[in-house]
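Colleague: Got a structure here, written out as structure tokens. Questions coming.
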Amino acid sequence: MNCIPPTLLIAGAGASGMLAAISARRAARELGVADERLRIVLLERNPKPGNKIAISGGGHCNLTHEADVKNLLEKGFLRKNEQRFLRHAIHRFSNADLLELFGRYGLKTEARADGRVFPVSGRAGEVLDLLRRMVEESAVTLVTNARVERLECGASGFVVQAGERRFEADAVILATGGASWGSAGTTGDGNRLAAAVRHSIAPVMPALAPLFFIAQPRPELVGITLRNILLVASADGATDSRRGDVLISHRGISGPACLSLSRSVAGFHASGKAVAIAVDLFPGHEASKLSAFILEEAARHGPRQVRTFLQRCPLAPERFDAPDASSAAETIPNAFADEILRQAGIDREVTMSGLTKAQRLGLVSALKRLALGAVKKVPLDRAEVSAGGVALGEIDPKTMQSKIHPRLYCCGELLDYAGEVGGFNLQAAFSTGWLAGTHAARSLIENRNPQPAQE
Ligand SMILES: Cc1cc2nc3c(=O)[nH]c(=O)nc-3n(C[C@H](O)[C@H](O)[C@H](O)COP(=O)(O)OP(=O)(O)OC[C@H]3O[C@@H](n4cnc5c(N)ncnc54)[C@H](O)[C@@H]3O)c2cc1C
């Protein structure tokens, strides 16, 4: 009889790796297996685990999102294949399960009006401390300063090399995170390790990143926030857009709409296209309706300067109101009124009744597509997450088990998905980590000799 307990090795002690370790021990204990009968080793390249959790949400940690699973998936993951892949994991370990688990360890959370969930304390450190405590209670051997550099897969298990140290394992979970924000320890190691054992890797792409202009924006536009507009990226005939707030800085733009759009911008750049950014200040309204609205305003307020009309004009309105009637609504920022006139080729003194047809059409076109400028390549080191990574088709979504090596599991941002801003990425990491740990432990304990999952 073989008396050596099996070893589960987890590479990466971030959100998914720590949850994998915790859930593996929990699954073992539920099966009545004494801790010494399953070794769980968690390797982390940094001196401490959970660097990204510490900096998440600007140090406040937006740990999940309040919504039922269907809505969470639709809101958080715009691509259908990602929703399909993550559905099982998030059902099995949902936002409610996460909050219940963390709640048992004393974490109090609050959901904001937009659904984002934070610790009441506002401290990401509280979430991290709690996770570290849970890892400790799970009888896990945490080895820090251990960067996994090689993964070899043999008939009887795995050999893992981390610097001078060599580990043997019966099952391995790769939880090394994405390839962005490298200063936190995530430099795409997992992709290289997975590729070395024959996994396909989808090209890595920055996502949730600010965009930087090639030419600096006009100084008068800097510091302005455009609320609820449509941000449009155009590249050689291709376009993509997002509705939301955009903040203009001296170098570029940020804000929710920009972060969300950055993945597409990176995709356009990757296919060799130059990308120009514009804003639609009247999203949801066709150019013809906007033109008719301007005509009505000209009939009502002929002597009024076009500039004054713009300054009183509602920004991204749900419906057309006479500007004077909507004084409570947010209006087009003053600095933008001048920029619109400039791009429409209309002098500041022109009045509403003096607008020629060509000028009116120019005005409509500037309001619907106000050019902000061409942007540089999206910086991977400033992206909150990276898209790309281990191909989803090679991982069983029900277990996170590799379809190539039955005792290899992958979880978290290492996988080829990328969520939106709002707590979706941490939830996906927690859920996939939970699934990987649970199944890896069960498989080792039941001493199954698993076959790669079939398509
Ligand atoms: C600035 C910033 C803010 C963010 N804010 C939020 C937020 O508020 N809400 C949200 O949902 N998401 C947020 N995210 C995204 C979120 O942090 C990640 O998606 C999530 O942490 C991914 O979890 P993971 O376990 O896959 O990877 P990570 O949490 O990145 O963990 C991977 C771990 O593996 C380690 N590692 C890497 N390579 C090796 C190796 N070769 N050997 C050993 N260890 C290795 C890393 O050091 C790291 O500790 C933010 C990201 C950033 C950068």
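Colleague: Do we find that ILE253 is at pLDDT 95 or above, within 19 Å of GLY422 (Cα to Cα) and among the aliphatic types (A, V, I, L, M) in this structure?
Modeller: Answer is yes for this residue.
Colleague: Just for segment 198-247: of the residues that are of a type in the set (Asp, Glu) and part of a strand (DSSP E or B), which one is modelled with the lowest pLDDT? Give the derivation first.
Modeller: Of segment 198-247, the ones of a type in the set (Asp, Glu) are 220, 236, 240, 245.
When the remaining residues are screened for being part of a strand (DSSP E or B), the result is 240, 245.
On the way: ASP240: 98, ASP245: 95.
The selected residue is ASP245.
Colleague: Can ALA195 be described as part of a strand (DSSP E or B) and small (Gly, Ala, Ser)?
Modeller: no
Colleague: In segment 60-71, which residues are within 24 Å of LEU130 (Cα to Cα) and of a type in the set (A, V, I, L, M)?
Modeller: Hits for segment 60-71 are LEU63, ALA67.
Colleague: Restricting to segment 310-334, name every residue that is of a type in the set (A, V, I, L, M), modelled with pLDDT under 90 and touching a Lys or Arg at 6+ places or on another chain (Cβ under 9 Å).
Modeller: Residue satisfying the conditions is ALA322 alone.
Colleague: Continuing with this model, one more query. What are the pairs, 6+ residues apart or on separate chains, where a residue within segment 54-82 that is free of Cβ contacts under 8 Å to residues at least 60 places away in the same chain has its Cβ under 8 Å from a residue that is of a type in the set (Val, Ile, Thr)?
Modeller: Partner pairs satisfying both residue conditions: GLU66/VAL117; VAL69/ILE90; LEU73/ILE90.
Colleague: Determine which member of the set ARG263, ARG242 is closer than 21 Å to GLY388 by Cβ, among the basic types (Lys, Arg) and touching a helix residue (DSSP H, G or I) at 6+ places or on another chain (Cβ under 7 Å).
Modeller: The match here is ARG242.
Colleague: Same structure, new question: Are there any pairs with C-beta distances below 6 angstrom linking a residue in segment 10-23 that is more than 19 Å from LEU86 (Cα to Cα) to a residue that is β-branched (Val, Ile, Thr) and more than 6 Å from the ligand (Cβ to nearest atom), with the two at least 6 apart or on different chains, and if so which?
Modeller: Within 6 Å, the pairs are ILE10/ILE173; ALA21/ILE10; ALA21/ILE40; ALA21/VAL135; ALA21/VAL140.
Colleague: What number of residues within segment 368-406 satisfy the criterion of being touching a Cys at 6+ places or on another chain (Cβ under 8 Å) and either assigned by TED's automatic domain parsing to the domain that holds GLY267 or among the hydroxyl-bearing types (Ser, Thr, Tyr) (or both)? First the steps, then the outcome.
Modeller: Kept after step one, since they are touching a Cys at 6+ places or on another chain (Cβ under 8 Å), are these residues of segment 368-406: 390, 395, 400, 402, 405.
After this cut, where a residue has to be either assigned by TED's automatic domain parsing to the domain that holds GLY267 or among the hydroxyl-bearing types (Ser, Thr, Tyr) (or both) as well, the list is 402.
Within segment 368-406, residues that are touching a Cys at 6+ places or on another chain (Cβ under 8 Å) and either assigned by TED's automatic domain parsing to the domain that holds GLY267 or among the hydroxyl-bearing types (Ser, Thr, Tyr) (or both) number 1.
Colleague: Of the residues ARG123, ARG116, which single one is closer than 28 Å to GLY57 by Cβ, within 12 Å of the ligand (Cβ to nearest atom) and either in contact (Cβ under 8 Å) with a residue 60 or more places away in the chain or of a type in the set (Phe, Trp, Tyr) (or both)? Before you say what the answer is, go through the steps one by one.
Modeller: On the way: ARG123 fails: within 12 Å of the ligand (Cβ to nearest atom).
On inspection, the qualifying residue turns out to be ARG116.
Colleague: On to the next question. Which members of segment 340-368 meet the condition of being assigned to a loop (DSSP other than H, G, I, E, B) and either crowded, with 18+ Cβ neighbours inside 10 Å or among the aromatic types (Phe, Trp, Tyr) (or both)?
Modeller: Residues satisfying the conditions are ILE346, MET352, LEU355.
Colleague: Going residue by residue through segment 396-407, is there one that turns out to be within 13 Å of the ligand (Cβ to nearest atom) and either within 28 Å of VAL69 (Cα to Cα) or part of a loop (DSSP other than H, G, I, E, B) (or both)?
Modeller: Scanning segment 396-407, I find at least one residue that is within 13 Å of the ligand (Cβ to nearest atom) and either within 28 Å of VAL69 (Cα to Cα) or part of a loop (DSSP other than H, G, I, E, B) (or both), so the answer is yes.
Colleague: Taking the criterion of being assigned to a helix (DSSP H, G or I) and of a type in the set (A, V, I, L, M, F, W, C), would at least one residue in segment 369-383 satisfy it?
Modeller: Yes; the residues of segment 369-383 include at least one that is assigned to a helix (DSSP H, G or I) and of a type in the set (A, V, I, L, M, F, W, C).
Colleague: Still on this structure, please answer the following. Based on what the data block shows, is ILE248 more than 30 Å from GLN401 (Cβ to Cβ), crowded, with 21+ Cβ neighbours inside 10 Å and in contact with a helix residue (DSSP H, G or I) (Cβ under 8 Å, 6 or more places away or on another chain)?
Modeller: Criteria met by ILE248.
Colleague: Just to be sure, is VAL375 under 27 Å from the mean Cα position of the chain (by Cα), under 21 Å from SER249 (Cα atoms) and among the β-branched types (Val, Ile, Thr)?
Modeller: Criteria met by VAL375.
Colleague: Kindly check whether there is at least one residue in segment 436-449 that is more than 8 Å from the ligand (Cβ to nearest atom), touching a Cys at 6+ places or on another chain (Cβ under 9 Å) and either part of a loop (DSSP other than H, G, I, E, B) or assigned by TED's automatic domain parsing to the domain that holds SER56 (or both).
Modeller: yes
Colleague: Suppose we keep only residues that are at pLDDT below 95 and more than 11 Å from the ligand (Cβ to nearest atom) within segment 153-182. Which one would you say is farthest from ARG198 (Cα to Cα)?
Modeller: GLU164
Colleague: Being within 19 Å of PRO256 (Cα to Cα) and either within 16 Å of the ligand (Cβ to nearest atom) or in contact (Cβ under 8 Å) with a residue 60 or more places away in the chain (or both) narrows it down to one residue among ALA391, ALA387; which is it? I'd like the intermediate steps shown before the answer.
Modeller: Numbers: ALA391 fails: within 19 Å of PRO256 (Cα to Cα).
Among ALA391, ALA387, only ALA387 is within 19 Å of PRO256 (Cα to Cα) and either within 16 Å of the ligand (Cβ to nearest atom) or in contact (Cβ under 8 Å) with a residue 60 or more places away in the chain (or both).
Colleague: How do the pairs read when you match residues in segment 194-215 that are more than 10 Å from VAL375 (Cβ to Cβ) and touching a residue at least 60 places away in the same chain (Cβ under 8 Å) with residues anywhere that are of a type in the set (Lys, Arg) and surrounded by 12 or more Cβ atoms within 10 Å (Cβ to Cβ), using Cβ under 8 Å and keeping only pairs 6 or more apart or on different chains?
Modeller: Sorted first by the residue in segment 194-215, then by its partner, the pairs are MET205/ARG263; PRO206/ARG263; PRO206/ARG382; ALA207/ARG263; LEU208/ARG263; ALA209/ARG382.
Colleague: Identify all residues within segment 413-435 that are assigned to a loop (DSSP other than H, G, I, E, B) and in contact with a Phe, Trp or Tyr (Cβ under 6 Å, 6 or more places away or on another chain); write none if there are none.
Modeller: Step one: of segment 413-435, the residues assigned to a loop (DSSP other than H, G, I, E, B) are 416-423.
The answer is GLY419, and nothing else.
Colleague: For ASP240, are the conditions met, namely being surrounded by fewer than 22 Cβ atoms within 10 Å (Cβ to Cβ), under 22 Å from GLU339 (Cβ atoms) and not polar (S, T, N, Q)?
Modeller: Working: surrounded by fewer than 22 Cβ atoms within 10 Å (Cβ to Cβ): yes; under 22 Å from GLU339 (Cβ atoms): no; not polar (S, T, N, Q): yes.
Judged against the criteria, ASP240 is not a match.
Colleague: Same structure, new question: Residues that are away from the ligand (no atom under 13 Å from the Cβ): list the helices (runs of 4 or more DSSP H) wholly contained in segment 13-96 that include at least 2 such residues. So that I can check it myself, show each step before the final result.
Modeller: On the way: elements: 15-30, 51-55, 69-76, 80-92.
Passing ranges, in order: 15-30, 69-76, 80-92.
The values are calculated or read from the model by the stated rules, or taken from the named source; none is laboratory data. This is a predicted model, so every value here is computed, not measured. Cβ coordinates were reconstructed from backbone atoms using ideal geometry, including for glycine residues, and neighbour counts include every protein chain displayed.
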